[in-house]
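What follows is one structure encoded as structure tokens, with my remarks underneath.
The values are calculated or read from the model by the stated rules, or taken from the named source; none is laboratory data. Here the structure is a predicted model, which is why all the values come from computation and not from measurement. Positions of Cβ are generated from backbone atoms using ideal geometry, with glycine treated the same way; all protein chains shown enter the neighbour counts.
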Amino acid sequence: MSDQQQNQALRILRDLESRIRRHALDLPSDMEIKEEWSGIGFRLGKTKLVSRLGEVVEILTYPGFSKVPGAKDWVRGVANIRGNLLPILDLRGFLLGRSSVPSRQSRVLVIQHGDVYSGLIVDEVLGMKHFQAEERISKAPCDEAALTPYLDSGFELGDEAWSVFNMERLAETPHFLQAAV
């Protein structure tokens, strides 16, 4: 390509750039950025709960497991998950004293906090939930007194109320760590 052709191509590109800039729209000057809270929604009985996204490391279908002799009633057993032994614990049984009845909707929420690596049986996982800051309420909307020590706050979204369940607080509870009879 000759110098004359290069100069002509450069002039065409500059002309194109100036026309684009004249007709381009400005970016919005004050974009409102809303902070969003995300978590995993689940159900224990009729109570809808949500835990912060980072507190649940995996969700499993109800696995096969082996019973553990000498363990409390809410300790269902231990499962082999990809070569790792995972204690399977009935969250409803631990918190409410009423064992969960396994169903097709039952799932296991895997938590890992410090040395605590456990699978918690819940009645149903309701998927990822996203809430805006203005949907947060200071008091957790829950009627079950046994859940209160593990609840932080809540969210109201339309006609649904969600209590924020703190898995880390559960994992640090001495009673939770004492699974032997």
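The table below gives the values:
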item: Single unsatisfied condition, S38 versus (1) out of contact with any helix residue (DSSP H, G or I) (no Cβ under 6 Å at 6 or more places or on another chain); (2) at pLDDT 85 or above; result: (1)
item: Single unsatisfied condition, G64 versus (1) over 30 Å from P149 (Cβ atoms); (2) surrounded by 10 or more Cβ atoms within 10 Å (Cβ to Cβ); (3) in contact with a strand residue (DSSP E or B) (Cβ under 7 Å, 6 or more places away or on another chain); (4) not β-branched (V, I, T); result: (2)
item: Meets criteria (among the acidic types (D, E) and at pLDDT 95 or above) for E55; result: yes
item: Residue list for region 152-180, restricted to those being without any contact (Cβ under 8 Å) to a residue 24 or more places away in the chain and within 17 Å of I40 (Cβ to Cβ); result: D152, S153, G154, R169
item: Qualifying residue in region 97-117 (condition: of a type in the set (A, V, I, L, M, F, W, C), at pLDDT below 95, closer than 20 Å to L170 by Cβ and touching a helix residue (DSSP H, G or I) at 6+ places or on another chain (Cβ under 8 Å)); result: yes
item: Breaking point among (1) touching a residue at least 60 places away in the same chain (Cβ under 8 Å); (2) in contact with an Asp or Glu (Cβ under 9 Å, 6 or more places away or on another chain); (3) of a type in the set (A, V, I, L, M, F, W, C); (4) crowded, with 20+ Cβ neighbours inside 10 Å, for V116; result: (4)
item: Residues located in region 100-128, provided they are in contact with a Lys or Arg (Cβ under 9 Å, 6 or more places away or on another chain), assigned to a strand (DSSP E or B) and more than 22 Å from P149 (Cα to Cα); result: L126
